[in-house]
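Each remark here refers to the structure printed beneath this line.
The values are calculated or read from the model by the stated rules, or taken from the named source; none is laboratory data. Just so we're clear, the structure is a prediction, and the values are computed from it rather than from any experiment. Here the Cβ positions follow ideal geometry from the backbone for every residue, glycine too, while neighbour counts run over all protein chains shown. Surface areas here come from the heavy atoms of the whole protein model, side chains and all, with no ligands, DNA or RNA. Shrake-Rupley method; radii C 1.70, N 1.55, O 1.52, S 1.80 Å.
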Amino acid sequence: MSLTLRGAERVARHPWGASWSRSTVRAVSDRALEDLRTTGVASRLSERSIIVLPVGATEQHGPHLPFSTDTVIADAVARATVLEVGEQVDAWVLPTLAYSKSNEHAWAAGTFWLSATTLLSVLDDIGRCAAATPARRLVFLNGHGGNSSLLNVACRELRLHHGLMTFLAHPGLPPDQGGASPAEELGMGIHGGLDETSIMLYLRPDLVEMAAAARNVPEGLAPNRYVRFGGAVSFGWLSNDFGLSGVIGDPTGATAERGKALFEGAVEAFTGALREIAAFDFGREA
């Protein structure tokens, strides 16, 4: 298969692809489902195939990060993981969905978001199309925490309506959903903070403006036992409820070295997840 321009551009966007050989770039393209031809879907996909849909967002990330942050991270982790384990588990990656449920950032011009109803319809359409292929497993790799609840709903709806095995994974589980957060962010670094900024410094340093990075942690919530990010009682919020910057966290200590470790950890974790997804059968006896 000849290298497509689209495949080359995808890799060129990320520093982790800068030193890759032409054969490695071709390997990424070989596992991009959109680069197949019609005969390839029938001949190369089977019931054991896994389709991965990275889900990002186009939303404000404060004055120091680009609107594309969630899309860049989800896309990079998905493609690096499929390159790592795709042949072993027969994984294929779809083009990253760059518009999703980002209405907590609707106040910021430049945020492009879908309503919950629209996104559910889009995901149902994508699931219907996935079900028309031989593949039986569809994985959402979600780079935007605001999508998580809706994607869980979509997983069950697609299971019911289209008979697919459906899964939801994250490059890193958001702190408000049980994931870890650095101590300096008091467990509440959920948007544009230390870890997200570090990963972007590793993947796309050209898009990061560290001189504009500033701490904005809702410290008044820290003493709460229940009503706080990651607490047992959730609450509705918009990102500008916590200040005009739109940041919820502390990006000031971010480094590319930390980002590299986080990125490699995300790829390792998603690699392990895909191996388990490949063997998944609801715990039934063989």
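Being surrounded by 23 or more Cβ atoms within 10 Å (Cβ to Cβ) and of a type in the set (D, E) is the filter; apply it to the range 70-103 and report the residue that is farthest from E59 (Cα to Cα).
D75
Kindly evaluate S245 against the criterion of being within 21 Å of G145 (Cα to Cα), in a loop (DSSP other than H, G, I, E, B) and open to solvent by less than 50 Å² (accessible area, probe 1.4 Å).
yes
Could you please find all residues in the range 261-286 being among the aromatic types (F, W, Y) and out of contact with any helix residue (DSSP H, G or I) (no Cβ under 6 Å at 6 or more places or on another chain)?
Listed by number, the residues that qualify are F280, F282.
All but one of (1) closer than 27 Å to E84 by Cβ; (2) surrounded by fewer than 23 Cβ atoms within 10 Å (Cβ to Cβ); (3) in contact with a Ser or Thr (Cβ under 7 Å, 6 or more places away or on another chain); (4) at pLDDT 95 or above hold for L274; which doesn't?
Evaluating L274 over (1) closer than 27 Å to E84 by Cβ; (2) surrounded by fewer than 23 Cβ atoms within 10 Å (Cβ to Cβ); (3) in contact with a Ser or Thr (Cβ under 7 Å, 6 or more places away or on another chain); (4) at pLDDT 95 or above leaves (2) as the failure.
Name the pairs whose Cβ atoms lie under 7 Å apart, with the first residue in the range 220-239 and within 18 Å of N147 (Cα to Cα), the second open to solvent by 50 Å² or more (accessible area, probe 1.4 Å) and of a type in the set (D, E), and 6 or more positions between them or separate chains?
Pairs that qualify, where the first residue is within 18 Å of N147 (Cα to Cα) and the partner is open to solvent by 50 Å² or more (accessible area, probe 1.4 Å) and of a type in the set (D, E), are F229/D176; G230/D176.
Report, by residue number, each residue of the range 132-149 that is surrounded by 17 or more Cβ atoms within 10 Å (Cβ to Cβ) and not in a loop (DSSP other than H, G, I, E, B).
Within the range 132-149, R137, L138, V139, F140, L141, N142, G145, G146, N147, S148 meet the criteria.
Evaluate the following for R258: is it basic (K, R) and in a loop (DSSP other than H, G, I, E, B)?
No, not satisfied.
Restrict the check to the range 214-227 and report whether at least one residue is farther than 23 Å from E268 by Cβ, out of contact with any Asp or Glu (no Cβ under 8 Å at 6 or more places or on another chain) and among the charged types (D, E, K, R).
Within the range 214-227, one or more residues are farther than 23 Å from E268 by Cβ, out of contact with any Asp or Glu (no Cβ under 8 Å at 6 or more places or on another chain) and among the charged types (D, E, K, R).
With the condition kept exactly as written, say whether any residue in the range 182-189 is touching a helix residue (DSSP H, G or I) at 6+ places or on another chain (Cβ under 6 Å) and open to solvent by 30 Å² or more (accessible area, probe 1.4 Å).
Among the residues of the range 182-189, not one is touching a helix residue (DSSP H, G or I) at 6+ places or on another chain (Cβ under 6 Å) and open to solvent by 30 Å² or more (accessible area, probe 1.4 Å), which makes the answer no.
When the range 196-220 is examined, which residues are found to be assigned to a helix (DSSP H, G or I), open to solvent by less than 40 Å² (accessible area, probe 1.4 Å) and either under 14 Å from G259 (Cβ atoms) or not small (G, A, S) (or both)?
Across the range 196-220, the qualifying residues are E196, T197, S198, I199, M200, L201, L203.
Quickly run through the range 37-95 and pick out the residues that are assigned to a strand (DSSP E or B) and under 30 Å from A213 (Cβ atoms).
Listed by number, the residues that qualify are P54, V55, T58, H61, L65.
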